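The values are calculated or read from the model by the stated rules, or taken from the named source; none is laboratory data. Source: prediction; values computed, not measured. Note that each Cβ is placed from the backbone with ideal geometry, even for glycine, and that neighbours are counted across all protein chains shown. All accessible areas refer to the heavy atoms of the entire protein, side chains included, with ligands and DNA or RNA removed. Shrake-Rupley method; radii C 1.70, N 1.55, O 1.52, S 1.80 Å.
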Amino acid sequence: MRFGIKTNPEATTFPDLLAMWRRADGLEPIESAWVYDHFYPIHSDPNGPCMESWVVLSALAQATERVRIGSMVNGMPYRHPAVTANMAAALDIVSEGRLELGLGAGWNEQEAGAYGIGLGGSLRERMDMFDEAVEAIVGLLSQEETTFQGEHVVLTNARNEPKGPQRPHPPIVIGGMGERRTLRTAARWADHWNAPTADPGVFAAKNAVLDRHCADLGRDPSEILRSVMLWLEPGDIEGLRSQAEATAAAGAQKAIVILPTPHDPEHVDLVAELAASMA
């Protein structure tokens, strides 16, 4: 079982986030560090503070050297896919090839409604937009020019230079558990799939669906890293161990552990100790 940490940029300060990531960068059992992509807090007072993910992630990339970085996951409707691809290429360069590009269809109606961001008139339309956007982003990150004619995304001889050091592109991380659409998109494009669940039974069922989509598309399922999202309760490290062991037995290869606020670097130590013991 491999381990990463997730420090949501809500109900916190940048100095506190910086301390968490610097601690993680110095602890080899912690493989990766993540933020989320929201404008309103989703785990605390929605009227509270929440920092924008790409800016924070870029700053944290400069403050670290080893740990792989990413946002779990970037909401596709928040930025045009060509903008996302350009930002990803630049951040892959800035981080010297440590970016993992998380992508999701988006779901938070509160922040989207407040900002006038369209999530799609229906779930089907939202997923159609997501499918097209993922394909467009992969093209922009891997091809010299990309032309794409979709219903929602149109690119004409589009360039994205310079590209980052990872080839053919930074690993594509798709988060979500929708069986008909999200997992099929993951089967087609993902290098890493994240299931936002700690339930081993749910994970095993969704994992099997992903395997079936891979079979339908002729994709080798072993090409896709499988991860779960777990929560750290600082007073119950054995509970986290039990969850990690149970989800690993169900097929998860990596645990991304959400750390509570207020952020405390000692929480990173707890995850590193658990990771070392399960290596």
**Prompt:** Tell me, what ³J(HN,Hα) does each residue in the stretch 163-168 have, in order and in whole Hz, if you take phi through Karplus 6.51 cos²θ - 1.76 cosθ + 1.60 with θ = phi - 60° and put x for Gly and Pro?
**Reply:** 8, x, x, 7, 10, x
**Message:** From Cα pairs below 8 angstrom and at least 6 apart in sequence, can you work out the relative contact order of the chain, rounded to a whole percent?
**Reply:** 22 percent
**Selected from Ala59, Ala255, Ala88 as most flexible by GNM, with the chain as the system and alpha-carbon contacts under 10 Å** = Ala59
**Prompt:** Quick one: length gained pulling Val83 to Glu238 fully straight, 0.36 nm per residue minus the C-alpha distance?
**Reply:** 51.6 nm
**Prompt:** How big is D, in µm² s⁻¹, for the stretch 174-279 by Stokes-Einstein at 37 °C and 0.692 mPa s if Rh is the Kirkwood radius over C-alpha pairs?
**Reply:** 228 µm²/s
**Fill in**
Over the chain, with neighbouring protein chains present, the accessible area per residue in Å² at probe 1.4 Å is 43 Å²
**Message:** Please report the net charge: other residues with Cβ closer than 13 Å to the Cβ of Thr182, K and R +1, D and E -1.
**Reply:** +4
**Message:** Relative contact order of the stretch 169-246, please, whole-number percent, based on alpha carbon pairs below 8 angstrom and at least 6 residues apart.
**Reply:** 31 percent
**Complete:** Share of accessible surface on carbon and sulfur in the stretch 129-265, whole %, 1.4 Å probe and ligands ignored, is 48 percent
**Request:** Taking every pair of Cα atoms in the stretch 6-94, average 1/r, invert it to obtain the Kirkwood radius, and report Rg/Rh to two decimals.
**Result:** 0.96
**Prompt:** For the chain, what size does the Cα cloud have along each of its three principal axes, sorted from largest down, in whole Å?
**Reply:** 53, 40, 37
**Prompt:** With charges only on Cβ, +1 for K and R and -1 for D and E, what is the dipole size of the stretch 39-153 about its Cα centre, in debye, rounded to 20?
**Reply:** 300 debye
**Request:** Just the number, please: carbon plus sulfur as a percent of the accessible area of the stretch 1-71, 1.4 Å probe, no ligands or DNA/RNA counted.
**Result:** 52 percent
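So for the stretch 23-120, averaging the separation of alpha carbon pairs under 8 Å that are six or more residues apart and normalising by length, what relative contact order in percent results?
Result for the stretch 23-120 is 28 percent.
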**Message:** Give me the dipole magnitude in Debye, nearest 20, for the stretch 179-279 about the Cα centre, with unit charges on the beta carbon: positive for Lys and Arg, negative for Asp and Glu.
**Reply:** 760 debye
**Fill in**
In the stretch 30-112, taking the dipole from +1 charges on Lys and Arg beta carbons and -1 charges on Asp and Glu beta carbons about the Cα centre, the listed residue (Val55, Ala88, Ser44) farthest towards the positive end is Ala88
**Request:** Run through the DSSP bridge list for the chain and note the antiparallel percent, rounded to the nearest 5.
**Result:** 10 percent
**Prompt:** Given 0.36 nm per residue, what is the gain on full extension from Ala114 to Val55 after removing their alpha carbon distance, in nm?
**Reply:** 19.2 nm
**Complete:** For the stretch 78-86, in residue order, the Karplus 3J(HN,Hα) values (coefficients 6.51, -1.76, 1.60; θ = phi - 60°; whole Hz; Gly and Pro = x) are 6, 8, 4, x, 5, 5, 4, 5, 5
**Asked** Which value in deg cm²/dmol, rounded to the nearest 500, describes the helix-derived mean residue ellipticity at 222 nm for the chain, given -39,500 (n - 2.57) per DSSP H run of n ≥ 4 and division by the residue count?
**Response** -13000 deg cm²/dmol
